[in-house]
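Shown next, in structure tokens, is the structure this report addresses.
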Amino acid sequence: MNKRDFLRTVGGASVGLMFGPELLAQYADTPAAILAEDEPFWAAVRTKFKLAPEYINLENGYYCFQPEEVLEQFIGHVRRVNLMGSRYMRTVKDEDKLRVRTRLAALAGCSPGELIITRNTTESLDTVISGFNWDAGDEAVMANQDYGAMIDQFRLQARRYGMVNRFIDIPMDPRSDDEVVRVYANALTSKTRLLMIPHMVNITGHVLPVRAICDMAHARGVQVMVDGAHAFAHLDFRLPDLHCDYYGASLHKWLSVPLGAGILYVKTERIAGLWPVYGDGSPDGNINKLNHTGTHPVHTDLGIENAIAFHEAIGAARKEARLRYLQRYWSDKVRGTPKIVMNTPADITRSCGIANVGIAGVKPGDLMKILFEQHKIWTVAIDGVGVHGVRVTPQVYTTPAELDAFVKALKTIAA
Ligand SMILES: Cc1ncc(COP(=O)(O)O)c(C=O)c1O
């Protein structure tokens, strides 16, 4: 099928034909960088989502809603678990969950024995923070730009055990990895036990040199916990390659899993040292001890497999390349425009789909309001810790035409 035939297909055929094995086979040999700009391919991907017609959604950072087929499969899981009642829980659940966990571990590139399914990043990282055996005077290092829930959990440990939290500021537009590594290195002391770093800063989209930071911290005897809320299934990477000790992510973000699923990765040798939040009969060295969920909405966890299938049909590297292309498509058009301030590194390797932009003299809350009320563009305002603007998060269904509308709106407001 050539491009013109394909476009005709998008107009008339069933969704299955548009983004199915035939289309994927047609594009099988197309490199990610070329495919990133192939609008017919992404137009086919777009048909898989049901979109709100009354506004342009550029706020997929909170969570990425499911493509229709994943949603339907999820509803099927809800029906099956409901139909079978306790028989499902007693005879099928364990096998199903182990299969899903094994599939997730394969996606993450780690062993299933190092990964559990949680409800979200908050639960994953808070399990680690509260699982440490803190002594008075022990120190943890984190950034002012980290997510508030984890900072709150560290503060709770400080109140309870007298441990001490130290904060750094992540440079907005670093010239090198070393500049970022040095900021963290300067905050470590002989008392530091845990360093928390974001894989991708949620308010700016800044991607940190995680491996270099982990290697630096390990050389100083400090363990590293990575907040991967926005990076998992957004960037194409394998967890062990990061060299971190702990990694938490939300699957309802970039994997488009039904709401309420996350992962916690704990490197094998770190498992025994963590206290679980809830008592569990599992041995100390078994990661299951951190996963005492009780009766829970297992249908959500079952949806993970379907979301992985959708993610892998596109391909992790292709998705990353497209998301980065979309971000640069709009941000390159506004960078350098009078009054428009980019709050995301200029270096293309230090960001992907997420970016943040402000307008001098316009409060972020007002900018978000004007964009929505006057231009029908949905974003979210960020106003603090050195970042003043709106966070802009396209998804694989976003079109360049939508981003053109956003650029036009920004320039109009700035003028
Ligand atoms: C960097 C970061 N960490 C953690 C979280 C918490 O995610 P969740 O609410 O899914 O636990 C978020 C949410 O946006 C985030 O941006």
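The values are calculated or read from the model by the stated rules, or taken from the named source; none is laboratory data. On a predicted model such as this, the values are computed, not experimentally measured, just so you know. Here the Cβ is made from the backbone with ideal geometry for all residues, glycine too, and neighbour counts use every protein chain on show. These area figures cover heavy atoms from the full protein model, side chains too; ligands, DNA and RNA do not enter into them. Shrake-Rupley method; radii C 1.70, N 1.55, O 1.52, S 1.80 Å.
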Filter on Lys253/Lys319; Lys376/Lys408; Lys50/Lys97; Lys191/Lys267; Lys50/Lys253 - keep pairs with C-alpha separation over 24 Å | Lys50/Lys97
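Using the Cα gyration tensor of the range 280-415, with a ≥ b ≥ c the square roots of its eigenvalues, what is the shape: rounded (a/c below 1.5), prolate (a/b larger than b/c) or oblate (neither)? Numbers along the way, then the final one.
Values: a/c = 2.40, a/b = 1.97, b/c = 1.22.
Prolate, since a/c reaches 1.5 and a/b exceeds b/c.
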Which of Ile75, Ile377, Ile129 moves the most in a Gaussian network model of the chain with Cα springs under 10 Å?
-> Ile75
What fraction of the DSSP beta bridges in the chain is antiparallel, stated in percent and rounded to the nearest 5?
-> 50 percent
From phi via Karplus (6.51, -1.76, 1.60), per-residue ³J(HN,Hα) for the range 131-138 in Hz, x at Gly/Pro | x, 6, 8, 5, 10, 4, x, 4
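When the accessible area of the range 34-94 is split by element with a 1.4 Å probe, what percent falls to carbon and sulfur?
Here carbon and sulfur together make up 53 percent of the probe-accessible area.
Once neighbouring chains are kept in place and the probe is 1.4 Å, which whole percent of the accessible area of the range 312-384 is contributed by carbon and sulfur? The partial results should precede the final answer.
Numbers: 1680 of 2940 Å².
Ligands and nucleic acids excluded, carbon and sulfur give 57 percent.
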Stretchable slack from Asp241 to Leu51, in nm (0.36 nm times residue separation minus alpha-carbon distance) = 64.8 nm
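Given a 1.4 Å probe and every protein chain left where it sits, what share in percent of the accessible area of the range 239-285 is carbon and sulfur?
55 percent
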Can you work out ³J(HN,Hα) from phi for every residue in the range 350-360, in order, using Karplus 6.51 cos²θ - 1.76 cosθ + 1.60 and θ = phi - 60°, giving whole Hz and x for Gly and Pro?
-> 9, 7, 9, x, 8, 8, 10, 9, x, 10, 4
Given a 1.4 Å probe, how much area per residue of the range 258-407 is accessible, in Å²?
-> 39 Å²
Amide H contacts under 5 Å for Ile56, placed H, 5+ residues apart | Ile377, Trp378
Which value, in debye to the nearest 20, gives the size of the charge dipole of the range 136-229 about its Cα centre, when Lys and Arg are +1 and Asp and Glu are -1 at the Cβ?
-> 380 debye
As straight-line cross-link partners of Lys93, the qualifying aspartates and glutamates (C-alpha separation under 12 Å, not fewer than 8 residues apart within one chain) are Asp301
Out of Lys376, Lys267, Lys319, a Gaussian network model of the chain with alpha-carbon springs under 10 Å gives the largest mean-square fluctuation to Lys376
At 1.4 Å probe size, with every protein chain present, just tell me what the per residue accessible area of the range 68-111 comes to in Å².
-> 62 Å²
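Suppose all protein chains stay in the model; what accessible area per residue would a 1.4 Å probe give for the range 158-219, in Å²?
Values: 2780 Å² over 62 residues.
It amounts to 45 Å² per residue over the range 158-219.
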Around Val390, which amide H atoms from residues at least 5 apart in sequence, or from another chain, sit under 5 Å from its own amide H, with H modelled in the peptide plane?
-> Val357, Gly358, Ile382
How much length, in nm to one decimal, is gained on full extension between Ala43 and Asn133, taken as 0.36 nm per residue of separation minus their Cα-Cα distance?
-> 27.3 nm
Pop out the ³J(HN,Hα) list for the range 157-162 in order, Karplus 6.51 cos²θ - 1.76 cosθ + 1.60 with θ = phi - 60°, rounded to Hz; leave Gly and Pro as x.
-> 5, 5, 5, 7, 10, x
Long-range amide H partners of Arg166 with built H, under 5 Å = Ala140, Val141, Met142
